[in-house]
1. In the range 107-147, which residue that is modelled with pLDDT of 80 or more and among the hydroxyl-bearing types (Ser, Thr, Tyr) is farthest from the chain's Cα centre (by Cα)?
2. Counting only residues that are assigned to a helix (DSSP H, G or I) and under 27 Å from TYR95 (Cα atoms), which one in the range 21-66 is farthest from the chain's Cα centre (by Cα)?
3. Which numbered condition trips up PHE12, out of (1) at pLDDT 90 or above; (2) within 19 Å of GLN287 (Cβ to Cβ)?
4. Would you kindly identify the strands (runs of 3 or more DSSP E) lying entirely within the range 67-132 that contain at least 1 residues that are out of contact with any Gly (no Cβ under 6 Å at 6 or more places or on another chain), of a type in the set (A, V, I, L, M, F, W, C) and touching a residue at least 40 places away in the same chain (Cβ under 8 Å)?
5. Sort out which residues of the range 290-339 are among the aromatic types (Phe, Trp, Tyr) and surrounded by fewer than 18 Cβ atoms within 10 Å (Cβ to Cβ), and write them in order of number.
6. Quick one: ALA56 ticks every box in (1) in contact with a Cys (Cβ under 6 Å, 6 or more places away or on another chain); (2) surrounded by fewer than 18 Cβ atoms within 10 Å (Cβ to Cβ) bar one, so which box is it?
7. Among what's in the range 263-289 and is out of contact with any Phe, Trp or Tyr (no Cβ under 9 Å at 6 or more places or on another chain) and surrounded by fewer than 19 Cβ atoms within 10 Å (Cβ to Cβ), pick the residue that is nearest to GLU16 (Cα to Cα).
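The values are calculated or read from the model by the stated rules, or taken from the named source; none is laboratory data. Computed from a predicted model, the values in this text were never measured in an experiment. Positions of Cβ are backbone-derived with ideal geometry, glycine not excepted, and every protein chain shown enters the neighbour counts.
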Amino acid sequence: MKKQPQQSLIKFLLREASLVAKDHSLLLTLLIAPLLYAFFYGSIYINKEEENVKLAVVDDDQSRLSRLLQQNIDNSPVVELIHFSNLGDAKEQMYRGVCQGYFYIPKGTQSNLLSLKQSNVVLAVNAARFLPSSDLLLNVQQVCLTIGAGVRLQYIQKSEGLNTATAMQSVMPINLDYRPLFNERSSYGAFLLPALLALILQQTLLIGLSESVAGERHHGGLKVWLAGGISLAIWGKGLFYLILFGAYAFFFLNVNYQILALPMRGNVLELALLFFLFIVTLIPMAQFIGSWFKSQLLCLQMMAFSTYPIFLITGYTWPFESLPVFVQWLSMLLPTSPFIKIYTGMVQSGADLSAYKGALVHLLVLWLFYSGLCYLRLHLLKRRSNPAG
């Protein structure tokens, strides 16, 4: 008698594997989509940083300083300078989208700087495209501050006869020591890819399992599936997905992270525990969602539509505190929100699982919540399908 539950779980596991093998839609969703999406979307951001963002430059000063500014800006791998003789042509090229901005050095820039007068240069960027504009601003601003401080340093040394250390205190009374941690190069790809891989794992599981449950209703397999008991039905079907997506998680963290050159600073055992908890939370959630559909196609369409909204409201791409209050409450109902918070902290900054006790409790509560909802929903469906029982 003690071996019966184990035998039943294995029976459900084999039954689900058989259903997936016979259903082309499930086969595509579960066995092809996770790998295809992971490598396809990963390849888009594989370089992680922009290169050769075109910036028009107009030099009306024609001085040693202006040439030094252009040389240092052009040395950056992010910026590619395109020279124009007048400001009108540079503006026209920015408006046409050939360049992402223009850099104008007016006449008298060097003489003003050497006489310790305010010297202005103009950087205009196309802020309609966020990444190019921010990259241009960061690189040009850094070059201008560095060269401006260097020129003033030489002037003060010569005019006042001070040594380098003393003159530097006058030039830069406050020195900013800027050190980006974890994502050292502040690249967009390194920021986005870890969460993107987790989202692919989640959505393919939700779509596949909810579609499988909808298929039980669509093809009249509900009685057979629930005949052995609701808890056994939930975790018997879910066992197949736990094994499959556990393998995908292992593959992503080892193969995809290596190919995409992403940092992996988390503890292996703690990450395994986190993914286990995440997947067993998604399993009853997916079955609860799928139980409301009688059509596999409709279920697939609805779940595919939910992918982007789910990613947007997790608080990863936009600060959680800045979301509308009702969106925050909706976000708290998704296992994605606490999971991504813990997961990104572990893989990117090497944090321990114990550092995220609040988010961990949140994920556990969601597991209990969706397990309860799924049990009640399937219990109701079982009663409807078998009134006499």
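1. Of everything passing the filter in the range 107-147, SER111 is farthest from the chain's Cα centre (by Cα).
2. Taking the candidates together, the pick is SER66.
3. The failed condition is (1).
4. Correct list: 79-84, 101-105.
5. Pass one, the range 290-339, residues among the aromatic types (Phe, Trp, Tyr): 292-293, 305, 308, 311, 316, 318, 320, 326, 329, 339.
Those that are among the aromatic types (Phe, Trp, Tyr) and surrounded by fewer than 18 Cβ atoms within 10 Å (Cβ to Cβ): TRP292, PHE305, TYR308, TRP318, PHE320, PHE326, TRP329.
6. (2)
7. Per the criteria, the residue is PHE276.
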